[in-house]
C-alpha cells in the first residue's frame, strides 16, 4: 500500500487558511472594539481579566489582560468557539434638533421613571446636539427624554417605552415659552405652533430663533401676517440661557412667559405701542429649576 505523504505545499496551504481565519477573527474583534463609544471604552479599560492562552506548542499560558486587550481576547474566543459577541452594557445616543432639523447645542437628559423617584442616566456630551447615555437600565416602564427633565413636567418632556426609545435617533425640541396671554378669547400658544415661525439661527452658541405672529382671535390657526416680535436664544452654560426680543408690529398688548410646572414666571409684558416691561430686551434665565435671573440691554 502506498501512503499519501503530505507535501510541503499542502501543509503550507492549510496553515495559510488557519492563519487567514485567525487574522479575520482578530480583525472583526478589533473593529468591534473600535466601534464602541468613548465612555464605553473608558469603562472597559478599568476591567482586568485572566485569560488562558495556548502557545504554539499546545501549552497553557496564563495572562492578565486589561481594557482593549481583554475585550479583544474575549471577543475572539466567543466568535471562534460560540459564534457570538461579547455583551456590552446597553447605551443610547440622541441628537437634539430644532423643528427645522438643525442640531442644537443642547445636552439631552434621559431618566427612567420608577415611581415615585427619578433616576437620571449618566450622559456624555459628545459634540453639538449629540448626547450618549451609558449605561441605560432596560427594566423601566417609562423613560423621559428632553433637554430639561429634572423636576419638570411640560410639553417638552417626551415619554417613551423602551422599544420606542430604541428607535429614536433625533428629537426635535422647542423652548419652554408661551405667548398671547393678553388678548380676549385667545388661548396661549407655544412653539411649535401656527403663530411661531422658526428660522435658522447663526449656530452655536445660539439656539432657537422665532418670528412670532399674533393670532387674529377670529378662528384657531389664523394669525396676522406681519411679525409681532422676534425671539432669539443663546446658550451661556448648559443650564443658563439668554432670550432676546426685537419688537415688530403689535395689534394688541401681549404677555410672554416661561412655561413651567406651577405658576409660570412672566418674562415681558408687551404693549402694542412697542414697549416692554421690564424695558431691557435680553432676559437671562435658568432651567431645572426654572428661574429668571435678571435682565440686560
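The values are calculated or read from the model by the stated rules, or taken from the named source; none is laboratory data. Predicted, not measured: the structure shown is a model, and the values here were computed from it. All Cβ positions, even for glycine, are placed from backbone atoms using ideal geometry, and neighbour counts span all protein chains on display.
Summary of computed values
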item: Matching residues in the stretch 264-297 - criterion: being part of a loop (DSSP other than H, G, I, E, B) and surrounded by 17 or more Cβ atoms within 10 Å (Cβ to Cβ); result: 264, 287, 290
item: Residue pairs meeting the criteria (Cβ under 8 Å; at least 6 apart or on separate chains; first on the phi > 0 side of the Ramachandran plot, in the stretch 87-107; second modelled with pLDDT of 90 or more and not in a loop (DSSP other than H, G, I, E, B)); result: 101/170; 101/172
item: Filter result for residue 239 (closer than 15 Å to residue 176 by Cβ and surrounded by 14 or more Cβ atoms within 10 Å (Cβ to Cβ)); result: yes
item: Yes/no for residue 178 being touching a residue at least 40 places away in the same chain (Cβ under 8 Å), assigned to a loop (DSSP other than H, G, I, E, B) and surrounded by 16 or more Cβ atoms within 10 Å (Cβ to Cβ); result: no
item: Single condition residue 290 does not satisfy, out of (1) touching a strand residue (DSSP E or B) at 6+ places or on another chain (Cβ under 8 Å); (2) without any contact (Cβ under 8 Å) to a residue 60 or more places away in the chain; result: (2)
item: Residue match in the stretch 111-121 (condition: modelled with pLDDT of 90 or more, outside any loop (DSSP other than H, G, I, E, B) and out of contact with any helix residue (DSSP H, G or I) (no Cβ under 6 Å at 6 or more places or on another chain)); result: no
item: Enumerated strands (runs of 3 or more DSSP E) restricted to the stretch 183-255, each holding at least 3 residues that are within 20 Å of residue 148 (Cβ to Cβ) and touching a residue at least 24 places away in the same chain (Cβ under 8 Å); result: 206-212, 229-237, 240-247
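One line per residue, one yes/no per condition, for (1) more than 30 Å from residue 112 (Cα to Cα); (2) in the same structural domain as residue 218 (by TED's automatic domain parsing); (3) modelled with pLDDT of 85 or more:
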position: 164; (1), (2), (3): no, no, yes
position: 187; (1), (2), (3): yes, yes, no
position: 190; (1), (2), (3): no, yes, yes
position: 199; (1), (2), (3): yes, yes, yes
